[in-house]
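What follows is a short report on a single structure.
Every read-out reported here was derived from the displayed coordinates using simple, explicitly stated rules and does not represent laboratory data. As the structure is a prediction and not an experimental result, all values here were calculated from the model. All Cβ positions, glycine included, derive from the backbone under ideal geometry; neighbour counts span all protein chains shown.
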Amino acid sequence: MSVPLSNLLADLEREAGADTAAAFARLIVEDLADTPAGDGRVSTASTPAGLGALYEHLCATAHALHGAILTRPAFHAIHEPESNILCFRHAGDGSLPDDRLDARNLELRTACNNEGDGWITSTALGGRRVLRVTMMSPRTTSADRERVLNELESMGGRLLRAP
């Protein structure tokens with residue numbers, strides 16, 4: 001990321017005024033804060049600087065996930081994250097051709113979302129199916145990250161062994 005979000009919000013505050021910048025930050029925080037479980041809102045800062053710090057924390061969380069993926073041979077990181085988004089691929093032991101891995105990664109996404117603790121999406125990059133995560137919760141811990149990676153690795157291994 002070339003310009004931290006906190007700098008962009010500070011620019012908005014300087015150019016449009018503190019009230020406008022604060023209203024924009026509240027709008028973004030309210031959008032980010034809705035939880036999928038419907039159990040309320042996540043408590044976050046509602047100032048431009050607070051929102052910038054939150055976003056930078058989420059980017060750091062994506063970087064930490066990237067680092068964890070690099071230590072696991074069953075996964076391939078597609079890129080180093082430049083934001084709070086990371087794409088990667090489960091490749092297992094590397095014995096399946098790309099077209100079968102594409103199908104298995106899509107199945108893995110569904111299995112994770114139906115059975116696991118995390119929520120992931122999928123996209124195609126360079127003609128290949130990849131898993132995509134967007135770090136959104138400031139409450140995500142290293143234990144959460146490891147638990148989800150362990151689940152993905154286990155589910156992915158099971159799927160790769162399936163006929």
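Would you kindly derive the ³J(HN,Hα) couplings of segment 59-69 from the backbone phi angles with the Karplus curve 6.51 cos²θ - 1.76 cosθ + 1.60 (θ = phi - 60°), listing them in order in whole Hz, with x for Gly and Pro?
The phi angles translate into 5, 5, 5, 5, 5, 5, 5, 4, x, 5, 5 Hz.
Provide the per-residue ³J(HN,Hα) series for segment 101-108, in order, calculated from phi with Karplus coefficients 6.51, -1.76, 1.60 and θ = phi - 60°, each as a whole number of Hz, with x at glycine and proline positions.
For segment 101-108, the Karplus-derived couplings read 5, 4, 5, 5, 5, 5, 5, 5 Hz, x marking Gly and Pro.
Pull up all non-local amide H partners of SER122: gap of 5 or more, or a different chain, and H-to-H distance under 5 Å with H placed in the peptide plane.
Those qualifying (amide H under 5 Å, at least 5 residues apart or on another chain) are ARG132.
Tabulate in residue order the Karplus-calculated ³J(HN,Hα) for segment 141-155, using 6.51 cos²θ - 1.76 cosθ + 1.60 with θ = phi - 60°, rounded to whole Hz; enter x for Gly and Pro.
So the J values, rounded to whole Hz, are 10, 5, 5, 4, 4, 5, 4, 5, 5, 4, 4, 4, 5, 5, 4.
List the residues whose amide H sits under 5 Å from the amide H of GLY92, counting only those 5 or more places along or on another chain, with H placed 1.01 Å from N in the peptide plane.
Close amide H contacts, sequence-distant or interchain: none at all.
Using packing as a proxy for protection, rank 94-105, 151-162 so that the peptide with the highest average count of other Cβ atoms within 10 Å comes first.
151-162, 94-105
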